[in-house]
Structures are given as C-alpha cells and as structure tokens.
Amino acid sequence: MREIALHLLDIAENSVAAGSRNIHIDVIEDLHNDLLKVSVTDDGRGMDAETAKRVLDPFYTTRTTRKVGLGIPLLKLAAEQSEGGLSLETEPGKGTRIEAYFRHSHIDRMPLGDVGTTFLTLLVSYPHIHWVFKYQTTANDGSTKTFELDDEEIKAVLGDTPFTEPDVLKFLRGMIEEGIANLTLQTEF
C-alpha cells in the first residue's frame, strides 16, 4: 500500500470482520509538532495477548483467502521508517485500537492519500456500522481546525433511504470533501 488512507481502509475492514458495531477513525496532522497520527478504534472481538503479538507478523493472518497479512506490519514499517511507530491496544471482547504516527515532514513518510474517499467508501460499504470520522489539523502557529462526521445524525435524517442513493452519495461526498478542504494546512517550515 502506498498511502496511509489505504491502510486505514484495510484496518477498518478488519474491524468490520471482527464484529465491530462502532468504529472511530482519527487523522491528526500537526505541523506545529511535526506529527501525523492516524488511528482506528473499534468495539469488536478484540484479541488475546498472543494474537496481538502475531498480528505484527507479516506471515500471520486470520483471513482464509490468503496466507499472509501484510497490512499492519507494512504500516508499522512505514511509520518506523519516518521516525514514528505503531501501537496496538486490544482486549478480548472489548475491541482494538491501532495507532500509527509519523514525523510529518520526514522525506520517507508515505502520503496520507485520499482520506475523504476512504471515509465515503466505508460509510457506503458498511451502513450497519456506526462510523465516526475525525480529521484534525494544527498549523505551524498552533491553531487547530477539526472536521468530524458522526453518521448517526445522517442516518436519523435519511431514515430508510440508503447511502447509495445517487443524491445522498453526492451529498455525502460533497460534505466530506468540503469538511476536509476547510482544514487545508500550509506546509511551510
């Protein structure tokens, strides 16, 4: 994977497969502290300590469709190559939180990618999940802006109308794109 957004998509899909009903995805771009941090938190099955250790091994996967699980190990490697790291917190029956952080300005940091399309894809693909997306930016001067989308409000207004309805899809795409566009940072150092 060449973008952090695709890693978020992969991890969120793992959360869905783990039976999660609530999934939070956070993206924090902090130029003031030269930090990019992403996390996925779920309330799925969680993992015991042994499984949590194995998840970081690229030759371990719970999927039956392939014999390797490269998503999390590759994200960990990408974070470490840009002076960051990855943490995994999990407990059986309580869920999992995966957080990766990167030095924002590091030359080897992979691009964040299209987070808006990732959010939209997850909303549309898994409407039975309660999604909360938060994207926060902090400028060099320390000022902070936040875009947060909690799909419960949208679902309450839409009722039985599916997210895949063309007008709804257009609205959601516009709302997400506009919310993220309002966070644009100047990357001068």
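The values are calculated or read from the model by the stated rules, or taken from the named source; none is laboratory data. Small disclaimer: the values here were computed from a predicted structure and weren't measured. Note that each Cβ is placed from the backbone with ideal geometry, even for glycine, and that neighbours are counted across all protein chains shown. Areas reflect the complete protein model, heavy atoms only, side chains present, ligands, DNA and RNA absent. Shrake-Rupley method; radii C 1.70, N 1.55, O 1.52, S 1.80 Å.
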Residue among ALA52, GLY95, SER20 farthest towards the positive dipole end of the chain, charges placed on Cβ: ALA52
Measure of compaction for the stretch 65-189 (Cα Rg per 2.2 N^0.38 Å): 1.25
For the chain, share of DSSP beta bridges that run antiparallel, in % to the nearest 5: 75
The chain - mean residue ellipticity at 222 nm from DSSP helices (-39,500 (n - 2.57) per run, n ≥ 4, rounded to 500): -10500 deg cm²/dmol
Of every Cα-Cα pair in the stretch 133-189, the percent that sits beyond 19 Å: 41
About the Cα centre, charge dipole magnitude for the chain (Lys/Arg +1, Asp/Glu -1 at Cβ), debye: 700
Solvent-accessible area, 1.4 Å probe, carbon plus sulfur percent, for the chain: 50
Alpha carbon centroid spacing (whole Å) that separates the stretch 1-56 from the stretch 111-189: 17
